[in-house]
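These notes are about the structure you will find just below.
The values are calculated or read from the model by the stated rules, or taken from the named source; none is laboratory data. Since this is a predicted model, take the numbers as computed values, not measurements. Using ideal geometry, Cβ is built from the backbone for each residue, glycine included, and neighbour counts are taken over all protein chains shown.
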Amino acid sequence: MRVLERHRVRYWYSAQHIRGAQEWHDAIGRALHVCNWFLVVLTPASLRSLWVKRELAFALRQRRYNERIIPVLLKRCQFHDLSWTLGQFELVDFTGDFETACRELLRIWGIEYEPEFAAAQSKNKKKKKAH
């Protein structure tokens with residue numbers, strides 16, 4: 001998520017954006033209605049989650065998510081078990097090289113990937129110019 005933040009990609013993630021006593025069902029529903037893209041993170045645990053299945057089914061029915069669903073393979077799994085439709089989308093595989101996967105994900109959105117080291121150097125150069 002640091003990579004998304006560093007590249008100024010706004011995101012909504014239930015584990016971060018739902019507070020303790022908040023109605024999580026309603027919070028997820030509100031997020032699904034305002035997000036422009038839908039990323040489904042694929043792991044053995046997510047394949048077993050009824051809520052991940054429901055959220056993906058919702059996204060598949062929404063016209064605004066046409067060509068805007070991105071399966072993200074975080075851990076090797078039989079992701080077709082979640083939905084037979086996942087094979088039609090461009091999958092981003094994070095099970096190999098992290099930077100390659102980041103570059104691929106950001107490319108989908110037309111954003112050039114900047115490695116963390118390069119981003120820190122760029123910030124330092126800007127600070128020096130400001131003085």
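Scanning segment 49-100 for residues that are basic (K, R) and not in a helix (DSSP H, G or I) yields R68, K75, R76. When every residue of segment 60-81 is checked against the conditions, none turns out to be basic (K, R), modelled with pLDDT under 95 and in contact with a Leu (Cβ under 8 Å, 6 or more places away or on another chain).
Against the conditions (1) at pLDDT 90 or above; (2) outside any loop (DSSP other than H, G, I, E, B), I111 satisfies every one except (2).
The set of residues from segment 42-99 being closer than 21 Å to A27 by Cα and among the acidic types (D, E) comprises just one member, E55.
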